[in-house]
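Here is the structure we will look at.
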Amino acid sequence: MQNERPFDLLNKVLGQQVMVRLKNKESIRGRLVSFDMHMNLVLENAEELNDGELKAKIGTILLRGGNIIFVSPA
Amino acid sequence: MQNERPFDLLNKVLGQQVMVRLKNKESIRGRLVSFDMHMNLVLENAEELNDGELKAKIGTILLRGGNIIFVSPA
Amino acid sequence: MQNERPFDLLNKVLGQQVMVRLKNKESIRGRLVSFDMHMNLVLENAEELNDGELKAKIGTILLRGGNIIFVSPA
Amino acid sequence: MQNERPFDLLNKVLGQQVMVRLKNKESIRGRLVSFDMHMNLVLENAEELNDGELKAKIGTILLRGGNIIFVSPA
Amino acid sequence: MQNERPFDLLNKVLGQQVMVRLKNKESIRGRLVSFDMHMNLVLENAEELNDGELKAKIGTILLRGGNIIFVSPA
Amino acid sequence: MQNERPFDLLNKVLGQQVMVRLKNKESIRGRLVSFDMHMNLVLENAEELNDGELKAKIGTILLRGGNIIFVSPA
Amino acid sequence: MQNERPFDLLNKVLGQQVMVRLKNKESIRGRLVSFDMHMNLVLENAEELNDGELKAKIGTILLRGGNIIFVSPA
């Protein structure tokens, strides 16, 4: 029997750097500020990456959960 | 434990310029007038951008939340 | 704190000309007759546009909200 | 304030010829027999059109609302 | 005012041959055994067709409603 | 009036070999161990097929219902 | 009559190595730490595979259930 639920991971990494992979093949890296039950996320100091290379600095960003493939502590 | 929720960001930037990235790869930039829980947004003085270049001036626009990848203060 | 909600825009432009961008890259322009909470819309004197050029006159049309990217007063 | 709702159009054209545009770019034309709140439609004497040309006669058909882009009296 | 609803058509053709068009452009033809409110269907003696030509005999099949574009008595 | 519902087919073939066609054009064949109302399925001794040819042996597998086009006793 | 439900498989393999196939054709392999009713999963020591070859080591990862095609004990 599990003691944890998947969203516990988001709680643990609040305030830390995460990597978010999107359905459109881009990745966004930034500091996780908040999340909700739809996996909508706000990141600070966010950067857009393409194949691991920096494409653009975005600053603060609200990401829709529906476009996310995975979230991983960076 | 988080004190904020992702939609708080939208509240903070009401009346300010935001950049919205859409699933069809276009971006819309404009002044955020209103939003709802589906992330439907109304922008004023909206402009359509393609790869960062101005493609068209649209004026006032109601964007369906379901097509949004992210929203960022511009 | 916002005083408006996104659908207020649809209420304001009832009876007026709107431009609707669809997911299939087409646009429909016409007079907004009615809408509902799913953003289903009825337009009168509707015209189908492709890259801004008139493609076909459609007359009255019921558009499914789920295919809409944005609505803008034309 | 609007007095009508989008589905009123379907009620008005019951028994009449309608054109239905589908997400897969095909169109179906036929006499509207019934509809429900999901925009599922039954058409009689339905014909499948491709770029306005008759592709096949289908007869009676039940169309899933989820694939519909728009419905228009023909 | 309509007296019928779209799913009445499925009730009428229970036990009869139907043609089902799927989103992946294939068609399945077979005898309709049962359906539910999601338009999930069971067909018997089902055959897979491609551009009207027989591609494979499948026998009994449970089709997910979500992939269906239309159902038509064959 | 129908006496059966589509999911009855899954009940009948529990413990038997089934073929599952997925949206990504692959097929999975295996012994049906369990299912739920979302058409999530567990298969044992599952094999991945491509155009009818064995591509890989997978063993036990939990398939998400949302990706399934059809299920058929094999 | 079935005694099991599909999600029982996830319970059985908690703490063990699983292979997850995603809609974007990638696979993720790792130790299953937790799951929820949407099939959201947390994996530890996760690795991204492409056609069976190691593409990247990701560490801990939260996978959105909606992108999953299947989960299999590895």
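Here's a check for you: in the range D:21-37, which residue that is more than 13 Å from the chain's Cα centre (by Cα) and open to solvent by 80 Å² or more (accessible area, probe 1.4 Å) is nearest to E:I68 (Cα to Cα)?
Only one residue fits best here, namely D:K25.
Quickly run through the range D:34-59 and pick out the residues that are in contact (Cβ under 8 Å) with a residue 24 or more places away in the chain and either more than 22 Å from C:K23 (Cβ to Cβ) or within 11 Å of chain E (Cβ to nearest Cβ) (or both).
If the condition is that a residue be in contact (Cβ under 8 Å) with a residue 24 or more places away in the chain and either more than 22 Å from C:K23 (Cβ to Cβ) or within 11 Å of chain E (Cβ to nearest Cβ) (or both), then D:F35, D:D36, D:M37, D:H38, D:M39, D:N40, D:L41, D:L43, D:K55, D:I58 are the ones that fit.
Do we have D:F7 as crowded, with 16+ Cβ neighbours inside 10 Å, touching a residue at least 12 places away in the same chain (Cβ under 8 Å) and out of contact with any helix residue (DSSP H, G or I) (no Cβ under 9 Å at 6 or more places or on another chain) here?
Yes.
So that you can scan it fast, the table gives a plain yes or no per residue for (1) modelled with pLDDT of 95 or more; (2) in contact with a Pro (Cβ under 8 Å, 6 or more places away or on another chain); (3) of a type in the set (F, W, Y):
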| residue | (1), (2), (3) |
| --- | --- |
| G:R31 | yes, no, no |
| G:D36 | yes, yes, no |
| G:A46 | yes, no, no |
| G:N50 | no, no, no |
| G:L54 | no, no, no |
| G:T60 | yes, yes, no |
| G:R64 | yes, no, no |
| G:N67 | yes, no, no |
| G:S72 | yes, no, no |
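Test F:P73 against the criterion of being free of Cβ contacts under 8 Å to residues at least 12 places away in the same chain, within 14 Å of chain E (Cβ to nearest Cβ) and touching a helix residue (DSSP H, G or I) at 6+ places or on another chain (Cβ under 9 Å), and give yes or no.
Criteria not met by F:P73.
What are the residues in the range A:2-15 that are at the interface with chain G (Cβ under 9 Å from one of its Cβ atoms) and closer than 24 Å to B:M37 by Cβ, if any?
Of everything in the range A:2-15, those that are at the interface with chain G (Cβ under 9 Å from one of its Cβ atoms) and closer than 24 Å to B:M37 by Cβ turn out to be A:R5, A:P6, A:F7, A:L10.
When you go through (1) closer than 23 Å to G:H38 by Cβ; (2) open to solvent by less than 20 Å² (accessible area, probe 1.4 Å); (3) within 14 Å of chain E (Cβ to nearest Cβ) one by one for F:V18, which number turns out not to apply?
Unmet condition: (1).
Take the conditions among the basic types (K, R) and facing chain E (nearest Cβ under 10 Å) and apply them to F:K25. Does it pass?
Considered against the rule, which asks whether it is among the basic types (K, R) and facing chain E (nearest Cβ under 10 Å), F:K25 comes out as yes.
Of all residues in the range B:45-59, which are open to solvent by less than 60 Å² (accessible area, probe 1.4 Å) and either under 12 Å from the mean Cα position of the chain (by Cα) or of a type in the set (D, E) (or both)?
Hits for the range B:45-59 are B:A46, B:E47, B:E48.
The values are calculated or read from the model by the stated rules, or taken from the named source; none is laboratory data. Just so you know, these numbers come straight off a predicted model, no measurement behind them. Positions of Cβ are backbone-derived with ideal geometry, glycine not excepted, and every protein chain shown enters the neighbour counts. The protein model used for the area step is the full one, side chains on, heavy atoms only, and it has no ligands, DNA or RNA in it. Shrake-Rupley method; radii C 1.70, N 1.55, O 1.52, S 1.80 Å.
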